[in-house]
Structure formats: structure tokens, C-alpha cells
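The values are calculated or read from the model by the stated rules, or taken from the named source; none is laboratory data. Keep in mind that what you see is a predicted model, and the values were worked out from it rather than measured. All Cβ positions, glycine included, derive from the backbone under ideal geometry; neighbour counts span all protein chains shown. Ligands, DNA and RNA are stripped out before the accessible areas are found, and what is left, the full protein with its side chains, is counted by its heavy atoms. Shrake-Rupley method; radii C 1.70, N 1.55, O 1.52, S 1.80 Å.
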Amino acid sequence: MIWFAWRQFRTQTWITICALAVIAVALAAAGHNLADLWTSSGAAACHNDCSTPVSTFLDQVRSGVNDKVYNFSLGLMYVVPALIGIFWGAPLIARELETGTHRLAFNQSITRTRWLATKLTIIGSATAATAGLLSWAVTAWAHHIDHATGNVLRPQYFAARGIVPIGYALFALVLGVTMGMLIRRTVPAMAATLAVYIAAVVSMPLWIRAHLASAVRTTTPLDLSRIGRLSIMPHGVMEVVSGVTPHGAWVLTNTSITSSGRVFTGPASAQFCGESEGPDTCLKWVGSLGLRQDLTYQPASHFWPLQFAETGIFMAVAILLAGFCFWWTRRRLT
């Protein structure tokens, strides 16, 4: 059964190996150039105030091919799990059900449980290896850029680093198998897999991830020299947002509050913030109000706790789906 499952999956295996080899060569070539930029900018030898060399490094990255490689690799880490679910997971059982070849397997000496377990073990191992190797390569290549920007905890970057892609890929694989088993047609199962995968990936940073580790909340005097945004909207409504945030943190809320703890929304002073007055005058008036910055964030030190928690969630869902598939195969599949 193992040999038969391998023969069915060997084409996808060789395609994956070739694709990983091409990506590895491309990242190795780009990584050499990136390391040179990191050294020549002075960021590698900097230990204290590194804002100038880091800024120089990022300017060089944005002006060259490394910026395109960075954005491509970011998208790749989201697309690969989806492709695994669509092209590996969904057809795995649906194709057998469409053609009726599953009945031939059931009439052999092999049990239904072993039939499904062998398929899931072989392709699941390939999935984990593919996602793990790709994530390791991309994370290692983008290390200098991630360190300079401090973006790794931001929603669009977090799931493309570390071990989370492995959880996403295994979830997408078993989701595809489940959809194929229930729908029993390959193309509709592929479409359903993609839809559910997108919904899960979008839902995680919007409603779940921020609660996987205890956030840090600080309240400090508003630093007028580092205001990120000061805007006046209709009817004098004001928005004052501080630009002071810890490096590498994922900011959840950043508001300015009054001494009583109320979120400051104005109204703006017509005398100091009118059209005839400049922004400096308005800023001085804001400073006289005694506002404070109320900041809630996930610090950079929470990267790995969040990684393990999110990966664990997707692994747990994948295990539950696999358990359902085994039950369905034994009880309902004909």
C-alpha cells in the first residue's frame, strides 16, 4: 500500500523538489547580495544608535531587486499552503470516489483505516517537509530585512515566518481531503477548500491571534515631538495618535486619552487650530491639555509564543478533521 501510494504521488513529489530547488537557488543568490548590503550600510557593525545605517540599508533594499523578492516570498508563503490543499488534498479522495477506484481498494485485504492512514501519512509528511523547508529558507533569507523593519509580528508578515506555515499547510491538506470526501467531486472540492482556507487565514489575525498571548498595556505622557498623526475632521473632531511604539511590536490600539481616562476626540480649538493657524500652534495647544498615550500591543518577545499557539490551533483542527475523515471512511463511505 505504501508503494502504491508513493507511485500515485510521485509526480507531485518531483515537481515539488524541483520547485524548492529553484527557489533555494534564487534565495541563495539574492541572499548574498542582501548580506553585502547589510555590511556595506554599516548595520552589521552597529551596536548603539543604528537608525542611520538601518535606514540606509532599507533604502538600498527598496531600490533593488531584493524588495521584489521580499514581496514575492511573502505572497508565496500564503499561496503554497493553499496550493497544497487544492492540488494535493482535495483530489486525494475525491478523485478515487469519482472514478470508483476506492471500491477496488476496499475489496483487497487492506482495511479502510489503513488505506486512508497510508495516504495521509505519506502526503502529510511531504506537506510538512515542503512547508517547513520553504519557511526556513524564506525566514533565513529575510532575516536582515525583518530585523531592520521590525515587521515580523505584523499580521501580513507573521504567518509567513517561523513554523506557522507548517500548520497552515497541514490544515489546508486535511481540509482538502475532507472537502473531497464530502463533496465527492474534485473541482468543487478544490473550490470549497480554497474558500474555507482563505476564510480561516483572514479570520486568524482579525479576531483570534491578538488573544493568543497576554497583550501589554502602557499609559505614558504624550510625546509631542513624536506625533504620528494629528488630524481635524468635520465638526472639530480631532484624532491625535502618537508615533512612539516599541520596535518590533504589533500595535493593537494606540489612542490619546485625557486625565480622566476618556479617549480624546476634541473638539479642536478654533483659536489655536483654525485655518489661519499653523500645525505647530495647534500642537502646542494639544500639549497644554495633558494628554496621555494609551498603548496596547504584543511585544516582539511574544513572537514564538504566538507562533506555537497559532500553529497548535491549526494542527488541532487538522487532527480533528483527520479524525472525522477516518470516521466517515469507516461508517459512511461506500
Those Cys residues of the chain for which no other cysteine Cβ falls under 4.7 Å: 18, 325
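Provide the convex hull volume over Cα atoms per residue for segment 45-152, in Å³. Walk me through the numbers before you get to the answer.
Numbers: hull volume 12.6 nm³, N = 108.
It is 117 Å³ per residue.
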Ignoring ligands and nucleic acids, residue 15 exposes an accessible area, probe 1.4 Å, in Å² to the nearest 10, of 110
Cα principal axis extents for segment 229-334, largest first, Å: 79, 31, 25
Pseudo-spin-label distance residue 11 to residue 324, built 7 Å along Cα→Cβ, given in nm, is 2.9
Approximate spin-label separation residue 143-residue 260, in nm, with each point projected 7 Å along Cα-to-Cβ: 5.3
Carbon and sulfur together cover what percent of the accessible area of segment 33-161 at a 1.4 Å probe radius? 59
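Please arrange 164, 317, 263 by accessible surface area, largest first, computed with a 1.4 Å probe and ligands excluded.
On the way: 164 0, 317 55, 263 75 Å².
So the residues, ranked largest to smallest area, are 263, 317, 164.
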Answer check: segment 155-209, Cα atoms, Kirkwood Rh, Rg/Rh ratio of 1.04
Which cross-chain or sequence-distant (5 or more) residues have an amide H under 5 Å from the amide H of residue 244, H modelled 1.01 Å from N in plane? 228
Which residues' amide hydrogens lie under 5 Å from the amide hydrogen of residue 64, considering only partners 5 or more residues apart or on another chain, with H built in the peptide plane? none
Quick one: what do you get for segment 94-250 if you divide its Cα Rg by 2.2 N^0.38 Å? 1.56
Average accessible area per residue (Å²) across segment 245-334 - probe 1.4 Å, nucleic acids and ligands excluded: 55
When each pair of different Cα atoms in segment 159-260 is counted once in the 1/r mean, what is the Kirkwood radius in angstroms, to one decimal? 17.8
So how far apart, in nm, are the two label points at residue 289 and residue 20 if each is 7 Å from Cα heading toward Cβ? 5.6
How big is the equivalent ellipsoid of the chain along its three axes, where each semi-axis is √(5λ) from the Cα gyration tensor, reported in whole Å from largest to smallest? 50, 26, 15
Once phi is turned into θ = phi - 60°, what whole-Hz ³J(HN,Hα) does the Karplus curve with 6.51, -1.76 and 1.60 give for every residue of segment 120-133, x standing for Gly and Pro? 5, 5, 5, 6, x, 5, 5, 5, 4, 5, 4, 5, x, 5
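Dipole magnitude of the chain about its Cα centre, charges +1 at Lys/Arg Cβ and -1 at Asp/Glu Cβ only, in debye to the nearest 20? Numbers along the way, then the final one.
Numbers: 23 positive and 14 negative charges, 398 e Å.
That gives a dipole near 1920 debye.
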Can you tell me the order of 270-278, 175-183, 200-208 when each peptide is scored by its average per-residue count of other Cβ atoms within 10 angstrom, highest first? 175-183, 200-208, 270-278
Within the accessible area of segment 279-328, what % is carbon and sulfur when the probe is 1.4 Å and the other protein chains stay in place? 74
Per residue, in Å², the accessible surface of segment 1-94 once ligands and nucleic acids are set aside, probe 1.4 Å: 55
Which ³J(HN,Hα) values, rounded to whole Hz and listed in residue order, are derived for segment 205-216 from phi using the Karplus coefficients 6.51, -1.76 and 1.60 in 6.51 cos²θ - 1.76 cosθ + 1.60 with θ = phi - 60°, glycine and proline given as x? x, 6, 10, 10, 4, 4, 9, 7, 9, 5, 6, 9
Given the Cα-Cα distance of residue 52 and residue 315 and 0.36 nm per residue of separation, how much length would full extension add, in nm? 90.5 nm
